[in-house]
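Colleague: My structure is below; once you've seen it, I'll send some questions.
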Amino acid sequence: MEKTDVIIIGAGAAGLMAGRELQKKGINFVILEATDRVGGRAMTKEGHPHVEMGPEFLHGETPVTDSLLEEFRLPWYDLQFDYHLYLHGKLTRHPGFWDEICEVIRSIEVSDQDMSFLEYLAKHDHHPTDIQKVTKSFVQGFDAADLTGVSTRSLVEMKEQACDPKVRKMRRPLLGYGKLMEKLSDFFHQKIFFSHFVNDINWKDNSVTVTGVSGEGRVPFTVEGKKVLLTASLAALKNMRLHPLPRALKQFLEEKEMGHVVKIVAELESEFFRLFPEKTFPFIAAPDHCFTTWWTTTPIHTHTITAWSGGEKARKLEKKSMEERHQIFIQELAEITGQCPTRINAWIRKCHSHDWSNDPSFLGAYSYRKIVQGERQKLETEFEETLYLAGEAFHEDFSGTVEGALITGKESAEKILAQLLEAENVHIGRSLSEGRI
């Protein structure tokens, strides 16, 4: 049986950030990680070029991520490009992409009755059909949300963030998010227990017992500690047996849903859009297609092109075989570019993808808010100075982002540190008063 002060569940961005803060202060801790690697949903396949299976961009201002990239001397680059739109059989430059989306979101008037975004558009929105299509595609892709389930009220709450010009600023870590996760874990790699799948967490007043199974042999394990920090994905949290389960946490988990994403990254024989000298399309929205968003690595010259699908369109793709998804990828890319599918297929050297929704450690991509009538549950991430929560789902402004996960991991670690220090001071004070020191 392992004994420690703090047990962290999950070696993703939040768990690693928390571990870093605890390590700085010399706190005893372990990280229980269900997979055989660090990073969680940040997964970079190293090569020429590096390929991102999970998060890829830095959206807007990301001070915590930026400071880490600078500290570890990991480069990033700005993305400056025009958006393009493929609709009605035509591919056109579309500089008004963001403005149209924000026009729809800003026009939403929320009543006491929350409803799905799809229902709201059908009943109350009067924008042209094409603008509605672009906006629906954005919500599906950016939020990974089902249009029939995502809360219209939650979209209104995020409108200032989504429509802030600063958010339109996009950057990409040159070596991928995976390298950042590796650098974070270098400080305490020996404290990460890989292939440890957590089943039960029993906790009360500075006492925690975590049990589960490890390795291919499914060997039972037990870890005891004073505090536990849960950083697993929202879906994985819902499947864990937490005793007791705080009512506020139960309600919060019921109000959020795990979004779904299908992402395919194809390596080609040559830089794809150099085959079309009169056009350079680094970002394409195709709202009528299965893959609603396409991009290259412009301005960095590589041989890759990425297709992205979110929400219910992703869920439909997930029901198809990998071969069927690849065929859809080829057919839609051929249609967008006006090329023969056979020619597109001949250009592809390799396709990369990861089935996040069927990966038992994640069961989806990232979270979004569901329809809730009445007052929403206030976000709580600390219970009885023993149970803590961190991750993208637990940051209201940076939900669904690596930045949000890093921020919450750091904040939770700071709370834990303060309480451990207070407890230590109380212990020393008692010992002094009793003459034992």
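Colleague: How would T211, T306 line up by accessible area, probe 1.4 Å, largest first?
Modeller: T211, T306
Colleague: Return the sequence-ordered ³J(HN,Hα) values of region 60-68 in whole Hz as given by the Karplus equation 6.51 cos²θ - 1.76 cosθ + 1.60 applied to θ = phi - 60°, using x for Gly and Pro.
Modeller: Result, rounded to whole Hz: x, 8, 10, x, 5, 4, 4, 5, 5.
Colleague: A further question on this structure: From Cα pairs below 8 angstrom and at least 6 apart in sequence, can you work out the relative contact order of the chain, rounded to a whole percent?
Modeller: Result for the chain is 24 percent.
Colleague: Quick check: with the 1.4 Å probe, what order do R168, R73, R343 take by accessible area, largest first? The partial results should precede the final answer.
Modeller: Details: R168 75, R73 210, R343 125 Å².
So, going from the largest accessible area down, we get R73, R343, R168.
Colleague: Carbon and sulfur atoms: what percent of the 1.4 Å accessible area of the chain do they account for?
Modeller: On the way: 9840 of 19870 Å².
After summing per-atom areas, the C and S share lands at 50 percent.
Colleague: Same structure, new question: What ³J(HN,Hα) values, in whole Hz, does the Karplus curve 6.51 cos²θ - 1.76 cosθ + 1.60 give for region 405-418 when θ = phi - 60°, with x put for Gly and Pro?
Modeller: The phi angles translate into 5, 4, 4, 5, x, 5, 4, 5, 4, 5, 5, 4, 4, 4 Hz.
Colleague: For the chain, what is the accessible area per residue in Å², given a 1.4 Å probe and the full set of protein chains?
Modeller: Spelled out: the 1.4 Å probe surface of the chain, per residue, equals 45 Å².
Colleague: May I ask for the equivalent-ellipsoid semi-axes of region 285-390, computed as the square root of five times each C-alpha gyration tensor eigenvalue and listed largest first in whole Å?
Modeller: Equivalent-ellipsoid dimensions as semi-axes: 37, 16, 15 Å.
Colleague: What list of ³J(HN,Hα) couplings, whole Hz, do you get for region 342-358 from phi and the Karplus terms 6.51, -1.76, 1.60, once you set θ to phi - 60° and write x for glycine and proline?
Modeller: Working through the residues one at a time gives 4, 5, 4, 4, 5, 6, 7, 8, 7, 10, 10, 6, 9, 8, 4, 5, 9 Hz.
Colleague: Follow-up question, since we're still on this one. In the chain, which Cys residues have no partner Cys with a Cβ closer than 4.7 Å?
Modeller: C290, C340, C351 - these cysteines have no disulfide-compatible partner (Cβ-Cβ under 4.7 Å) in the chain.
Colleague: Only one of the listed values, (1) 84, 52, 39; (2) 61, 57, 52; (3) 81, 48, 36, was derived from the coordinates as Cα extents along the principal axes in Å; which label is it?
Modeller: (1)
Colleague: Over 23 Å between Cα atoms, which of K24/K45; K191/K238; K24/K250; K24/K179 qualify?
Modeller: Details: K24/K45 29 Å; K191/K238 25 Å; K24/K250 33 Å; K24/K179 21 Å.
With Cα atoms farther than 23 Å apart: K24/K45; K191/K238; K24/K250.
Colleague: Right, something else. Over the Cα atoms of region 146-227, Rg to Rh with Kirkwood Rh, two decimal places?
Modeller: Ratio of gyration radius to Kirkwood radius: 1.16.
Colleague: With springs only between Cα atoms under 10 Å, which of D143, D114, D99 fluctuates most in a Gaussian network model of the chain?
Modeller: D99
Colleague: Additional query: Taking the Cα centre of each part, how many Å lie between region 173-197 and region 299-328?
Modeller: 27 Å
Colleague: Between region 1-54 and region 78-119, what's the alpha-carbon centroid distance in Å?
Modeller: 36 Å
Colleague: Another one. Antiparallel as a % of all DSSP beta bridges within the chain, to the nearest 5?
Modeller: On the way: 51 of 72 bridges.
Antiparallel bridges make up about 70 percent of those DSSP assigns within the chain.
The values are calculated or read from the model by the stated rules, or taken from the named source; none is laboratory data. Everything numeric in this text was worked out from a predicted model, so none of it was measured. Cβ atoms come from the backbone with ideal geometry, glycine included; neighbour counts cover every protein chain shown. For the accessible areas, the whole protein counts, side chains as well, though only heavy atoms, and no ligand, DNA or RNA atoms are used. Shrake-Rupley method; radii C 1.70, N 1.55, O 1.52, S 1.80 Å.
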